[in-house]
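Taking it in order: structure first as structure tokens, then the write-up.
The values are calculated or read from the model by the stated rules, or taken from the named source; none is laboratory data. None of these values were measured; they are calculated from a predicted model. Reconstructed Cβ throughout: ideal geometry from the backbone, glycine too, with neighbour counts over all protein chains shown.
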Amino acid sequence: MDQYVLRIKDLSTDEKPREKLINHGPGALRNYELLAIILSRGTRKEGVLEMAHRIMEQYHPAFLEQELTVEKVKTLYNLGTVHACQFIAAMELGRRLFQKGKEVYFRTPGQVHEYLKGMAYLSKEHVRALYLDVKNRLIREEVVSIGGLNSSPLQPREVIRPALLCNAAGIILAHNHPSGDPEPSPGDLEITARVKEACRLMDMELLDHIVIGDKGYVSLKEQGVL
């Protein structure tokens with residue numbers, strides 16, 4: 001029997017990447033979902049979501065600094081020519097639009113809020129993780145949870161895994177409160193403590209956890225929690 005391959009058509013409308021982009025904007029999509037939109041379709045043996053997820057697990061920001069060839073990408077990611085060309089085109093566009101002059105640094109909670117303030121208008125709770133190098137330069141960001149810290153508990157491993165892949169030195173968590181009130185809940189404090197401990201064990205630092213609402217934001221670092 002052929003192995004079952006998850007197809008986009010099998011997902012509910014709310015979970016399909018294009019529909020999610022249309023209804024909630026690009027900030028609601030995980031990196032692999034954005035890549036799935038670019039790749040468009042998978043193969044008979046591998047659905048596009050599975051393919052995109054696999055690529056992003058193996059991706060490293062240093063690729064933006066490399067000269068990627070079609071043959072190299074085909075070998076690195078076990079892709080066909082069409083998918084390799086699509087991936088390289090996306091990387092080249094990123095290289096051109098976000099060169100070193102566009103690098104993002106976070107040194108204050110206010111800078112994080114300015115970068116992510118659009119999260120205040122999301123109808124569901126989203127948790128984003130910002131991964132920084134030793135100079136507090138942003139090297140990767142991920143949507144690590146959707147649906148709320150209480151209704152869909154965030155696991156520290158979901159925060160740590162991308163950090164290991166990009167050799168991050170520090171992590172900033174941020175999530176929105178659809179109610180508009182940015183005051184941290186007991187659940188917010190609990191998951192912050194758990195992620196902080198997971199970071200400590202992996203020799204990383206949880207630099208802050210920002211709660212965003214339409215009335216402003218609260219920094220757990222500024223509150224003395226971190």
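In the list Gly187, Gly224, Gly118, Gly216, which residue meets the criterion of being surrounded by fewer than 17 Cβ atoms within 10 Å (Cβ to Cβ), small (Gly, Ala, Ser) and touching a helix residue (DSSP H, G or I) at 6+ places or on another chain (Cβ under 7 Å)?
Checking each option against the conditions leaves just Gly118.
Can you list the helices (runs of 4 or more DSSP H) lying wholly within region 74-178 that have 1 or more residues being of a type in the set (Gly, Ala, Ser) and at pLDDT below 90?
Passing ranges, in order: 81-97.
Return the residues of region 128-146 that are acidic (Asp, Glu) and surrounded by 18 or more Cβ atoms within 10 Å (Cβ to Cβ); say none if nothing qualifies.
Glu141, Glu142
Here are some residues: Leu154, Leu164. Which one is within 16 Å of the chain's Cα centre (by Cα), surrounded by fewer than 19 Cβ atoms within 10 Å (Cβ to Cβ), under 19 Å from Tyr32 (Cα atoms) and without any contact (Cβ under 8 Å) to a residue 60 or more places away in the chain?
Exactly one residue qualifies, and that residue is Leu164.
Starting from region 205-226, take each residue that is small (Gly, Ala, Ser) and list its partners that are buried (at least 22 other Cβ atoms within 10 Å of the Cβ) and in a loop (DSSP other than H, G, I, E, B), counting only C-beta distances under 9 angstrom and pairs at least six apart or across chains.
Gly213/His177
Kindly indicate whether any position in region 189-207 is modelled with pLDDT of 90 or more, within 25 Å of Ile22 (Cα to Cα), in a strand (DSSP E or B) and not assigned by TED's automatic domain parsing to the domain that holds Met91.
Taking every residue of region 189-207 in turn, none turns out to be modelled with pLDDT of 90 or more, within 25 Å of Ile22 (Cα to Cα), in a strand (DSSP E or B) and not assigned by TED's automatic domain parsing to the domain that holds Met91.
Which of the residues spanning region 45-73 are modelled with pLDDT of 80 or more, within 24 Å of Pro17 (Cα to Cα) and assigned to a loop (DSSP other than H, G, I, E, B)?
Lys45, Glu46, Gly47
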